[in-house]
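Coordinate-derived values only; no laboratory data. Only a predicted model underlies this, so the values are computations on that prediction, with no experimental measurement involved. Virtual Cβ from ideal backbone geometry, glycine too; neighbours counted across all protein chains shown.
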Amino acid sequence: MSTWIFGATISEPESRMFDWRDYLSLARFLIQNASYSGTEEAAQRSAVSRAYYATFCLTRAWAATKTANPFHVARRSADHGALRDWLRRNGKHNEAQVLDQLRDWRNQCDYDDSPPLPLQAVSALTIEMVEQTLQSIGIR
């Protein structure tokens, strides 16, 4: 099947689920290679952003599969806060707190011209926090 968009015919991609862990792999790669790119700050900012989205999307999918009280995915920006609230209501306070911090850092990295944080340290800490959080809810 194909779709017409702005004068071009674009074929539909084959249907498959994106593996959100690929964002975490990309974040690690960006951090490890930031100094080689000549765009170190952009790489570190992007790493924080991709790591947050990996954590958010993997946690969202995990929460949606809980049989007793599944998280309702609305696919709206409000899902970010709603997921943190769901985590707190379901005894995952540390995980909610980490998502709060990661979202704050992601917002600073994505929107602030001069983020008030040391990017090299924050990008490395972000990966560590993500790995611990995902492990605590059983995502490898």
- Message: How long are the semi-axes of the equivalent ellipsoid of segment 29-69, defined as square roots of 5 times the Cα gyration tensor eigenvalues? Whole Å, largest first.
- Response: 32, 7, 4
- Task: Counting helices only, and only those DSSP H runs with n ≥ 4, report the 222 nm mean residue ellipticity of the chain as the sum of -39,500 (n - 2.57) divided by its residues, in deg cm²/dmol to the nearest 500.
- Result: -22000 deg cm²/dmol
- Test item: Cα-centred dipole of the chain, Lys/Arg +1 and Asp/Glu -1 on Cβ, debye: 600 debye
- Most exposed first by the Cβ proxy, i.e. fewest other Cβ within 10 Å, how do R45, R28 rank? R28, R45
- Points 7 angstrom from Cα along the Cβ direction at R21 and E131: gap in nanometres? 1.4 nm
- L117 versus H72: modelled label distance in nm, points set 7 Å from Cα along the beta carbon direction: 3.1 nm
- Environment charge at L87 (Cβ cut-off 15 Å; Lys +1, Arg +1, Asp -1, Glu -1): +3
- Paramagnetic reach from Q101 in segment 48-86 [backbone N under 20 Å; point 7 Å along Cα→Cβ]: 48-60, 80-86
- Task: Note down the relative contact order for the chain as a percent, whole number, built from C-alpha pairs under 8 angstrom at least six residues apart.
- Result: 26 percent
- A8 paired with D85, simple spin-label distance in nm, labels 7 Å along Cα-to-beta-carbon: 4.0 nm
- What Kirkwood hydrodynamic radius do you get for segment 19-136 when you take the inverse of the mean 1/r over all pairs of distinct Cα atoms, in Å? 14.5 Å
